[in-house]
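In what follows, a single structure is set out as structure tokens and then discussed.
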Amino acid sequence: MNQLLGTGNKSNYMEIIEKKHADIDNGNEDSNKSFMKELKVIDPEGYRLLKSQDKQIKAVQATDEKYAEDKDIDWIINFWEEIWKDGGPKFEGSGWMFRLPDLYIKAKRYDDAIAIVQKIKKTKGSYYLNKANSYITKIEERRAKEATKKIK
């Protein structure tokens, strides 16, 4: 960055940094387009999978942006329930895999949270087993805490 900024007056440093970021983003986008063109020819199934992942990721990002604005928990839960009706996230990552259980917990829908965590354990294999088990413990503890509050 120092080479890009040069010597002397550096008051335009943000313009230079933004241009470098744009150049990098454009290079990455061009590289990705080229890769996808090649993949479509050599591995049509891999291409289809990546396209469906990209589509779902964009939908998830748009949904999270909308939820950040309106905080409509029922709406975002409905969105994630639809994702799970279609087999769950098409991309990996425990944050995404456990997004619906987190939302259920926030909405105090503990039975639904347990059910989806059990589904994760069953369909997503051993990779998420430890996290799923800790979620079940966490959910049961929250449910017990809520029940205790109701008794008092």
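The values are calculated or read from the model by the stated rules, or taken from the named source; none is laboratory data. Nothing here was measured: the structure is a model prediction, and the numbers come from that model. Glycine gets a Cβ as well: all are built from the backbone with ideal geometry, and neighbour counts include every protein chain shown. Each accessible area value is taken on the protein alone, full model and side chains, heavy atoms only, with ligands, DNA and RNA left out. Shrake-Rupley method; radii C 1.70, N 1.55, O 1.52, S 1.80 Å.
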key: Filter pass, residue 85 being under 30 Å from residue 45 (Cβ atoms), of a type in the set (D, E, K, R) and surrounded by 14 or more Cβ atoms within 10 Å (Cβ to Cβ)   = no
remark   = Given the conditions (1) in contact (Cβ under 8 Å) with a residue 24 or more places away in the chain; (2) open to solvent by 100 Å² or more (accessible area, probe 1.4 Å); (3) aliphatic (A, V, I, L, M), every one holds for residue 42 apart from (1)
message = Name the residue that is most open to solvent (accessible area, probe 1.4 Å), counting only residues in the stretch 112-141 that are among the charged types (D, E, K, R) and part of a helix (DSSP H, G or I).
response = 122
task = State whether one or more residues within the stretch 12-31 are open to solvent by 60 Å² or more (accessible area, probe 1.4 Å), farther than 21 Å from residue 91 by Cα and of a type in the set (Phe, Trp, Tyr).
result = yes
ask   = Taking residue 50 and the conditions (1) within 16 Å of the chain's Cα centre (by Cα); (2) surrounded by 10 or more Cβ atoms within 10 Å (Cβ to Cβ); (3) aliphatic (A, V, I, L, M); (4) under 30 Å from residue 107 (Cβ atoms), which numbered condition does it fall short on, given that it satisfies the others?
value = (4)
inquiry  = If I go through the stretch 69-106 residue by residue, how many of them are under 19 Å from residue 55 (Cβ atoms), more than 16 Å from the chain's Cα centre (by Cα) and among the β-branched types (Val, Ile, Thr)?
reply    = 0
inquiry  = Between a residue in the stretch 55-78 that is farther than 16 Å from residue 107 by Cα and open to solvent by less than 40 Å² (accessible area, probe 1.4 Å) and any residue that is modelled with pLDDT under 95 and basic (Lys, Arg), which pairs come within a Cβ distance under 8 Å, given they are 6 or more apart or on different chains?
reply    = 56/90
request  = May I ask you to list pairs of residues, at least six apart or on different chains, whose Cβ atoms are under 6 Å apart, with the first in the stretch 85-112 being free of Cβ contacts under 8 Å to residues at least 12 places away in the same chain and the second being open to solvent by less than 50 Å² (accessible area, probe 1.4 Å) and assigned to a helix (DSSP H, G or I)?
outcome  = 112/104
key: Filtered residue count, the stretch 96-111, keeping only those that are farther than 20 Å from residue 60 by Cα and open to solvent by 60 Å² or more (accessible area, probe 1.4 Å)   = 3
